[in-house]
1. Going by what's in this entry, would residue 427 be described as under 27 Å from residue 500 (Cβ atoms) and in a helix (DSSP H, G or I)?
2. From the residues in the stretch 85-131 that are over 21 Å from residue 168 (Cβ atoms) and either open to solvent by 60 Å² or more (accessible area, probe 1.4 Å) or touching a Cys at 6+ places or on another chain (Cβ under 8 Å) (or both), which one is modelled with the lowest pLDDT?
3. Condition (residue is in contact (Cβ under 8 Å) with a residue 60 or more places away in the chain, surrounded by 20 or more Cβ atoms within 10 Å (Cβ to Cβ) and part of a helix (DSSP H, G or I)) applied to the stretch 403-412: is it met by at least one residue?
4. If you take the residues in the stretch 597-622 that are open to solvent by less than 10 Å² (accessible area, probe 1.4 Å) and in a helix (DSSP H, G or I), which one is nearest to residue 551 (Cα to Cα)?
5. Any chance you could count how many residues in the stretch 269-284 are open to solvent by 60 Å² or more (accessible area, probe 1.4 Å) and touching a Ser or Thr at 6+ places or on another chain (Cβ under 7 Å)?
6. So, in the stretch 414-459, of the ones that are modelled with pLDDT of 50 or more and acidic (Asp, Glu), which residue ends up most open to solvent (accessible area, probe 1.4 Å)?
7. Mind listing whichever residues of the stretch 268-324 are out of contact with any helix residue (DSSP H, G or I) (no Cβ under 9 Å at 6 or more places or on another chain) and among the small types (Gly, Ala, Ser)?
Amino acid sequence: MEINSFSKSNVYKKNDILSPRTPRTPPISGNSDNNQYSTWSSNDQDSEEAEGSSNHGHNIHEVSEDIDRFTDSLSTADDKSNAPQVPETVETIVKIIESRIAKFNSNKTPTKSGKMTEEDSFFMEAVRSLSKLANAFNEFPSSSTTSSLLDRTSMVLQRAMAFMEEEFRAILEYSGTSNAKHLSTKSSSFNSIQEESSDRCMLPELESAREDDYPGYSPEIVTKMNRIAMVMISVGYETECCKVYSIARRKAFNDAMKKLELEKINIEDVQRMPWESLEGETTRWIKAAKDCSNVLFPGERNLAESVFSEYPLISRSLFSNLARAVVIQLLDFAEAVAMTKRSAEKLFKFLDMYETLSNLIPAISGSSSDDNHHEMKSEISSTGDRIGEAAVNIFCDLENSIKGDVARTPVPGGAVHPLTRYVMNYLKYACEYKKTLEHIFQQHAKLEGSSIGFIKSNLETENESPRGNQIMANATPFSIQLMTVMDLLDSNLEAKSTLYKDLSLRYIFMVNNGRYILQKVKGSTEIHQVMGDTWYRRRSTVVRQFHKNYQRETWGRVLQCLGHEGLQVNKKVQKLAVKERFKTFSTVFDEIHKTQSTWVVSDEQLQSELRVSISALVIPAYRSFLGRFQQHLDGGRSAEKYIKYQPEDIETLIEGLFDGNPTSMNKRRT
C-alpha cells in the first residue's frame, strides 16, 4: 500500500478546515492564557453559535476520521522502512486539543456541571486519534520527520492528560461533597430517613431505594467520568487515572464513615471499656457496618464498574483496595470485642455483630472471584467465627447461671421466681436469632459434651419426659442446648419448691412457674418450634397435675368436713355432730382463706381458673350439705351460731384468694 499517495490525496487545506465558526488556534509555543482562542468560544452571538455549531462539529469529526484512516494505513503498511509524509490534518487536530486546554486554563474555576457536552466529545475524540497516530509512528524508524511529530504529539498529549486529570478530579470531588447525606447519625435510628426507632437488637434494613442515592453521581456525570477514564487509560495514563479516582473515593468514603461516628479504638481501650460504653460503640459499629454492606460498598462497586466499564480488572482492583481498608477497621474492632470478658448481657450484641459480618461478605465479594476478595472473605469469616464462638460460650454459660442459683429463702406467696422470668425472657430474645444460633452452634457446639449426653440420656430412657423421643431425631446442637437449659430450670424449680413447708403452697409455686414457662413458649414461635408440640402438650399435663395436687391437698380437707359420714346413727341425724361439723368447716375454711389470700397468682387467667375450679368443687358440696342438715339445727340465732357462711359468702371469699393481700373475713353478700 502506498502511504505517501494516501497522504497527498487526503491533505486538507487550512481554509477548508477552518470555517467562519472555526477560529484560529494559537501556536503551541505561545502563552495559552494570553492567546486568543475560540474553537468553542462564547464570544460570538448565541444565535450564530447555534447556527454554525453543527457545521463546525462535522468538520472536527471529519478531521478525526481522516487521522484515524491515516493511522490505520500506517498500522497495515507492509513497508515500514520509511516514514510517510504527515498530513496537514495532524497540525489541525493538535491545535484543536491546544485550544481546548487554553480555554480551560483561562477560566478561574473549572466547570462543574459534569455533563458530557459536544465540545468534550470532540476533544476526547481528538486526543484518542492523536494518541493512536503517535503509537503508529513508533513502528517506523526514527527520522527528523517522525521525531519532530512524536515530540510534538507527546507534549500535547501530556498537556491533555494533565487537563483531563484535573477535570476528572474536579468532577469526582465536586459531586462527592454530599454523597453521605443520607447516612445514619448518632441521634437517629439506622433507618434515619424515616426516623424510626429500632428495637433492642433488631436493626431495620435500609430501603432499597437508598442504595441508589450513594455515591450521588448523576448518570450524565458517570458517563463523562467513564469517557475520561477510557481516554486516559487508552493513552497510557492508567496509573494517574486510578490514583485520582482512588484518592477522591477514599476521601468521600471516609467522610461517610465520619457521619456514622465510627472511631478507631485500639484493642487495649476496648478491653478496659465498661460494657455500658462499649455497648454504645458496638451499636455504632453495627450501624456503620450495615451501611457499608447495604449502601456504601454496593454503591462504590457499581460506580467503579460504571466508570471503568471497559476495564473490569481495574474496577475490581480499585473497589477491592477501597473496601479492604474499611474492612480491616471493622474487623479490628470486632476482634477486640470478641476478646472481652463474657457476660450474659453481651449475647444479643454479639449475635448482631455476627449477622452483620455475615452480610458483609456478599457486599465486598459481588461477582468477583479474585484472590483479594477471597482473602477478605476469609478474614471476615474468621472474625465472624470468633464472635460466634463467644456467643455460643455466653449462651452455654446460662447453664452455670441456673446451677449456681441456689436460694435458701422461698419467694413469698409462691409467685413466679425471678430466675424463671430471667431464663425464659433470655431464651425468648435469644430465639429471635434462632437461625443464627442454629448456624453457629452447628459450627462450634461439641456434641460429645456432658450436657448433650445428659439430654440424650433423658430423651432415650425417661418416657415420662415432657419432650418425647421423637424430638431427638431432629435435634440440632442449639435445640439440644435449649432443652438442656429447660431441664436445668425444671430441676432448679423443683428444688426451690421444697423450701415451702406448706405442701399446697409448693404446688401453687410449681403451677405459677409452670404456667409462666408455657405462656412464654406459646408466645414465641421460635421456642415452640424447637421444643415441639409434644413437649408443650406433656408440659401442660404436668402443670395440670400440679393444679390437681393443690386441689386435693387443700380442699380435700374441706370436702371431708362436708361428708355425711358420722352424722347419722340408725338413720337418725345427730344434732351435736352436725353442729360440730359446721363449726369445723368454718374453722378450716377460715384458715385456708386467711393463708391463701396472701398467696400470689399474677397470671389473671390462671388465677381465674383456680378460683373457678375451687368454686366448682366446694360450693355445690357446701350447698348440698347446708340443705340437708340445716333443718336439724335449732332455729334463729342458734342456727347462725353454727352456720357462719351462706354459699354466696363462700363464693365471694374464694374470689379473694391469690390476691397477695389478706382479705377481710367479713366479706359477705347481703
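1. yes
2. By that ranking, first place goes to 85.
3. The answer is no, given that none of the residues of the stretch 403-412 is in contact (Cβ under 8 Å) with a residue 60 or more places away in the chain, surrounded by 20 or more Cβ atoms within 10 Å (Cβ to Cβ) and part of a helix (DSSP H, G or I).
4. 614
5. 1
6. For the stretch 414-459, the residue satisfying everything is 432.
7. 277, 280
Conditions (1) open to solvent by less than 30 Å² (accessible area, probe 1.4 Å); (2) under 17 Å from residue 502 (Cβ atoms); (3) touching a strand residue (DSSP E or B) at 6+ places or on another chain (Cβ under 7 Å), marked per residue:
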{"residue": "516", "(1), (2), (3)": "no, no, no"}
{"residue": "531", "(1), (2), (3)": "yes, no, no"}
{"residue": "540", "(1), (2), (3)": "yes, no, no"}
{"residue": "550", "(1), (2), (3)": "yes, yes, no"}
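The values are calculated or read from the model by the stated rules, or taken from the named source; none is laboratory data. In this text, all values refer to a predicted model and were calculated from it rather than measured experimentally. Don't worry about glycine lacking a Cβ; one is built from the backbone with ideal geometry, like all the others, and counts go over all protein chains shown. The area values use the complete protein model at the heavy-atom level, side chains included, leaving out ligands, DNA and RNA. Shrake-Rupley method; radii C 1.70, N 1.55, O 1.52, S 1.80 Å.
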